[in-house]
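Engineer: Take a look at this one; I'll ask things after.
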2 protein chains.
Amino acid sequence: MINRRKTRLVKVGGVKVGGGAPVSIQSMTKVETSDVSAVVSQIKRLKNAGCDIIRVAVKTVKDAQAVRVIKRKIDMPIVCDIHFDHRLALKCIESGADKIRLNPGNIRKAGDIGEVVRAAKRAKIPIRIGVNSGSTSEDFVKSAIRYVKIFEELDFRDIIISLKASDVTKTVEAYREISKLCDYPLHLGVTASGPYDLGIVKSSIGIGALLLDGIGDTIRVSLTADPVEEVIGAKRILSSLNLRNFGPEILSCPTCGRCQVDLVKLVNDLERAIRNTQYARRKDPLTIAMMGCEVNGPGEAKEADIGIAFGKGSGILFKKGRVVKKVSIKNAVGELIKNL
Amino acid sequence: MINRRKTRLVKVGGVKVGGGAPVSIQSMTKVETSDVSAVVSQIKRLKNAGCDIIRVAVKTVKDAQAVRVIKRKIDMPIVCDIHFDHRLALKCIESGADKIRLNPGNIRKAGDIGEVVRAAKRAKIPIRIGVNSGSTSEDFVKSAIRYVKIFEELDFRDIIISLKASDVTKTVEAYREISKLCDYPLHLGVTASGPYDLGIVKSSIGIGALLLDGIGDTIRVSLTADPVEEVIGAKRILSSLNLRNFGPEILSCPTCGRCQVDLVKLVNDLERAIRNTQYARRKDPLTIAMMGCEVNGPGEAKEADIGIAFGKGSGILFKKGRVVKKVSIKNAVGELIKNL
């Protein structure tokens with residue numbers, strides 16, 4: 001139902017970004033990049049969780065050299081995050097980085113930028129122009145466009161752009177504005193969005209509102225938390241908007257005075273049970289409803305492929321809005337799994 | 001920064017909805033309504049968490065009678081949720097309900113609707129036309145508008161409308177459509193959005209995207225969880241969009257290979273410390289940043305009123321982008337609180 005904006009196709013290693021490719025998920029490692037074994041083990045956990053592209057912070061030459069070793073041990077495109085010193089970008093390109101992120105707020109000299117752009121061009125890798133509202137004094141859309149112009153003058157168009165602020169409204173407005181000014185793929189995110197519970201709300205609103213507009217080609221949920229939570233959060237945003245599927249989606253009502261079962265427990269049981277089935281990683285959409293009463297029965301949950309509406313002491317198992325059978329509360333989850 | 005849509009003012013007890021009033025927060029009790037003491041104790045917890053309007057399910061005459069007793073014991077407008085049997089709405093109005101919610105999907109006869117509308121008019125209370133996509137076979141915007149017409153023919157305009165689907169895109173499209181067709185205040189929500197972790201993402205995207213458009217006068221985050229979580233989630237959505245303030249907001253970076261402190265722990269410590277200060281419930285905006293490195297220092301976090309950027313072994317305390325002093329990691333949270 002979402003009409004995605006047409007953008008230029010940019011390749012990050014083997015992952016396509018833009019040009020109608022599925023919205024990819026990014027995260028960032030949270031250990032020192034020179035600590036190769038810690039980085040590699042975190043990247044493997046992130047890959048397993050569903051991450052498509054990984055970024056590492058490069059703050060020293062040692063970090064830049066580690067990228068070469070890390071690349072050999074992982075199976076995911078790696079992006080090197082560069083601030084202040086453009087020479088680290090050059091080192092990372094030598095080490096085989098699949099993409100460079102530059103911050104226009106702290107790498108400003110046209111000569112330095114040009115060196116990186118020419119090296120990226122030779123290596124055939126893209127550069128993200130990653131503007132954060134805090135690190136530039138000018139309007140941050142203008143800051144990105146000024147950078148884009150420098151790149152284009154060097155005939156370099158393997159560009160991805162991000163415009164992150166910690167303020168959600170500001171972030172959304174900036175992306176909406178830049179989406180009208182160029183066709184480069186956009187990397188969405190809300191920066192410094194805070195601890196998990198607040199950060200997931202801010203990221204969902206900001207990234208979600210833009211994706212609803214058809215804006216956004218790759219996303220990163222930033223959370224002060226385990227990066228695996230960022231990937232899971234990103235998957236939830238994308239599946240909520242039917243942009244990608246990552247296994248069954250559970251619809252469940254909030255319950256109210258009508259509900260006569262412990263629905264929170266039953267939903268938890270269902271989530272746990274699904275994890276152990278072939279359905280856990282199935283990629284075609286599958287929606288399972290768990291509803292607390294007859295108001296929320298087969299009719300209300302007709303968008304679900306299968307579900308149970310609970311009454312007093314039992315439930316009704318239904319498929320595509322049609323009643324299949326009566327089930328006991330005790331056997332409800334088991335019967336549901338059996339009938340998937 | 002959000003330009004809110006102009007809507008008609010409707011009063012729910014002492015709470016103004018629409019007409020430029022602050023976006024109010026709703027939740028629903030999750031115990032049987034006839035169990036007065038359980039309902040009252042849940043409502044008190046919700047009030048304490050920040051809930052403005054509470055809804056109870058009324059499925060029997062006993063429930064409807066309980067509303068009169070509950071009202072005496074609480075200090076919050078109470079909405080009665082009616083399905084199937086319009087006579088329960090009449091009973092609730094007798095019991096002093098502050099608002100009635102009718103579901104066009106299961107109360108369909110014009111005569112029945114008319115009886116409720118006339119009783120609400122006499123009692124001077126509003127009615128929410130609460131359409132859920134699942135419980136109506138026709139287009140659900142049309143279903144709401146058909147109901148509105150019946151109300152208007154009876155010269156009743158104390159109307160609030162909701163159009164909830166479990167699909168986020170469908171929900172957002174429906175609200176955007178109806179916002180162009182009338183000026184009644186809108187109650188936003190995504191229905192059956194699932195267990196906490198998925199539900200908060202779906203609700204944040206759906207409610208958040210609409211609020212960003214200036215659409216929405218009152219919100220309910222539906223979660224298969226403790227209703228207090230619904231209220232806290234709603235507060236996070238509203239504060240993320242600067243529509244309301246509920247105490248200090250913490251900005252914190254996701255950390256990366258640059259970070260040399262345990263920022264997750266430091267942010268948790270800060271959250272805990274704030275809870276015990278006068279700032280916890282302060283209503284004017286206060287933004288506190290906790291940043292993991294110099295990239296994310298005073299410049300990056302200049303949107304914050306106060307903050308700390310950590311380096312190796314110490315941090316820099318800053319206010320409004322200007323450095324105040326160096327602090328040790330051990331004393332960081334304490335120094336920050338002291339300097340608020």
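Engineer: When chain A is treated as a GNM, springs tying every alpha-carbon pair under 10 Å, which of A:Glu173, A:Glu94, A:Glu294 comes out with the largest mean-square fluctuation?
Structural biologist: A:Glu294
Engineer: For A:Arg157, what accessible area in Å² do you get when you roll a 1.4 Å probe over the heavy atoms of the protein chains, rounding to the nearest 10?
Structural biologist: Approximately 90 Å² for this residue.
Engineer: Okay, helix-only estimate at 222 nm for chain A: each DSSP H run of n ≥ 4 adds -39500 (n - 2.57), divide by all residues, round to 500 deg cm²/dmol; what do you get?
Structural biologist: Values: 10 runs with 129 residues, N = 340.
Calculated mean residue ellipticity at 222 nm is -12000 deg cm²/dmol.
Engineer: Simple spin-label model, 7 Å along Cα-to-Cβ: A:Arg45 to A:Glu115 in nm?
Structural biologist: 3.6 nm
Engineer: Distances from B:Asp112 to the same position in the other copies: list them in nm, one decimal, shortest first, using label points 7 Å from Cα along Cα→Cβ.
Structural biologist: Its label point is 7.1 nm from the equivalent points in the other copies.
Engineer: Using modelled amide H (1.01 Å from N, peptide plane; none on Pro or chain starts), what sits under 5 Å from the amide H of A:Gly105, excluding residues fewer than 5 places away?
Structural biologist: A:Asn132
Engineer: Rank A:Glu249, A:Glu32 by accessible area, highest first, at a 1.4 Å probe radius?
Structural biologist: Heavy-atom accessible area, descending, gives A:Glu32, A:Glu249.
Engineer: Still on this structure: To the nearest 100 Å², how much accessible surface do chains A and B cover up together, summed over both, with a 1.4 Å probe?
Structural biologist: 6200 Å²
Engineer: Rounded to the nearest 5, what % of DSSP beta bridges with both residues in the protein assembly as shown are antiparallel? Please report the intermediate quantities before stating the final value.
Structural biologist: On the way: 28 of 100 bridges.
Just about 30 percent of them are antiparallel.
Engineer: From Cα pairs below 8 angstrom and at least 6 apart in sequence, can you work out the relative contact order of segment B:249-338, rounded to a whole percent?
Structural biologist: 26 percent
Engineer: Less than 16 Å apart at the alpha-carbon level, and either on another chain or at least 8 residues along: which lysines does that give for B:Lys11?
Structural biologist: Counting by Cα, and skipping residues close in sequence, B:Lys11 has these lysines nearby: B:Lys99, B:Lys121, B:Lys124.
Engineer: For peptide B:24-33, compute the average count of partner chain beta-carbon atoms within 10 Å of each residue's beta-carbon. Walk me through the numbers before you get to the answer.
Structural biologist: Values: counts 0, 0, 0, 1, 4, 3, 9, 4, 5, 3.
Taking the mean over all residues of the peptide, I get 3.
Engineer: Tell me the per residue accessible area of chain A using a 1.4 Å probe; a whole number in Å² is fine.
Structural biologist: Ligands and nucleic acids excluded, the result is 38 Å² per residue.
Engineer: In degrees, nearest 10, range 0 to 90: what is the angle between the Cα axis of helix B:168-181 and the longest Cα principal axis of chain B?
Structural biologist: For B:168-181 against chain B, the angle is about 60 degrees.
Engineer: Leaving ligands and nucleic acids out of the surface, order B:Met76, A:Met1 by accessible area at 1.4 Å, largest first. Before the final figure, lay out the partial values.
Structural biologist: Numbers: B:Met76 15, A:Met1 155 Å².
So, going from the largest accessible area down, we get A:Met1, B:Met76.
Engineer: What FRET efficiency, computed as 1/(1 + (r/R0)^6) with R0 = 45 Å and r the Cβ-Cβ distance, is obtained for A:Ser37 and B:Arg322, rounded to the nearest 0.05?
Structural biologist: Between A:Ser37 and B:Arg322 the formula returns 0.65.
Engineer: Roll a 1.4 Å probe over the protein heavy atoms and report the accessible area of A:Leu317 in Å², nearest 10.
Structural biologist: Rounded to the nearest 10, that gives 0 Å².
Engineer: Would you mind telling me the antiparallel percentage of the DSSP bridges in segment B:249-338, rounded to 5?
Structural biologist: 60 percent
Engineer: Follow-up. Ranked from the most accessible area to the least, with a 1.4 Å probe and all protein chains present, what is the order of A:Ile316, B:Ile237?
Structural biologist: A:Ile316, B:Ile237
Engineer: Still on this structure, please answer the following. With every protein chain in place, what's the accessible area of B:Asp52 (1.4 Å probe, Å², nearest 10)?
Structural biologist: Near enough 40 Å² of accessible area.
Engineer: While we're looking at this one, here's another question. What whole number of Å gives the distance from the Cα centroid of segment B:32-93 to the Cα centroid of segment B:198-216?
Structural biologist: A separation of 26 Å, based on Cα centres.
Engineer: Label points 7 Å out from Cα along the Cβ direction at B:Glu152 and B:Asp197: separation in nm?
Structural biologist: 4.6 nm
Engineer: For A:Arg72 and B:Arg4, FRET efficiency with R0 = 45 Å and r from the beta-carbon atoms, rounded to 0.05?
Structural biologist: With R0 = 45 Å, the Cβ-Cβ based efficiency is 0.25.
Engineer: Pairing the Cα long axis of helix A:61-73 with the longest principal axis of chain A, what angle in degrees results, from 0 to 90 and rounded to the nearest 10?
Structural biologist: That works out to roughly 50 degrees.
Engineer: On a 0 to 90° scale, report how tilted helix A:36-49 is relative to the longest principal axis of chain A, with both axes built from alpha carbons and the result rounded to the nearest 10.
Structural biologist: Approximately 40 degrees, to the nearest 10.
Engineer: While we're looking at this one, here's another question. Can you pull the percent of segment B:215-318's accessible area that's carbon plus sulfur, 1.4 Å probe, other chains left in place? Write down the numbers at each step before the final one.
Structural biologist: Numbers: 1640 of 3490 Å².
Looking at segment B:215-318 in its full context, I get 47 percent from C and S.
Engineer: Give me the percent of DSSP beta bridges within chain A that run antiparallel, rounded to the nearest 5.
Structural biologist: 30 percent
Engineer: Bins of 20 Å, beginning at zero and ending with the bin holding the largest distance: percent of Cα pairs per bin for the protein assembly as shown, please.
Structural biologist: 18, 49, 28, 5
Engineer: Using a label point 7 angstrom from Cα along Cα-to-C-beta, what distances in nm, from shortest up, separate A:Arg272 from the other copies?
Structural biologist: Copy-to-copy label distances for A:Arg272: 2.8 nm.
Engineer: When Cβ neighbours within 10 Å are restricted to other protein chains, what is their mean count per residue of peptide A:159-169?
Structural biologist: Details: counts 0, 0, 0, 0, 0, 0, 1, 11, 7, 9, 8.
Other-chain Cβ atoms within 10 Å of each residue's Cβ, averaged: 3.
Engineer: A further question on this structure: In nm to one decimal, list the spacings between the B:Leu9 label point and its equivalents in the other copies, with label points set 7 Å along Cα to Cβ, shortest first.
Structural biologist: For B:Leu9, the inter-copy label distances come out at 5.8 nm.
Engineer: If you check each cysteine of chain A for another cysteine whose beta-carbon is under 4.7 Å away, which ones come up empty?
Structural biologist: A:Cys51, A:Cys182, A:Cys253, A:Cys256, A:Cys259, A:Cys293
The values are calculated or read from the model by the stated rules, or taken from the named source; none is laboratory data. Bear in mind the structure is a predicted one, so any value in this text is a computation, not a measurement. Note that we place each Cβ from the backbone using ideal geometry, even for glycine, and neighbour counts take in every protein chain shown. For accessibility, only protein heavy atoms count, side chains too; no ligands or nucleic acids. Shrake-Rupley method; radii C 1.70, N 1.55, O 1.52, S 1.80 Å.
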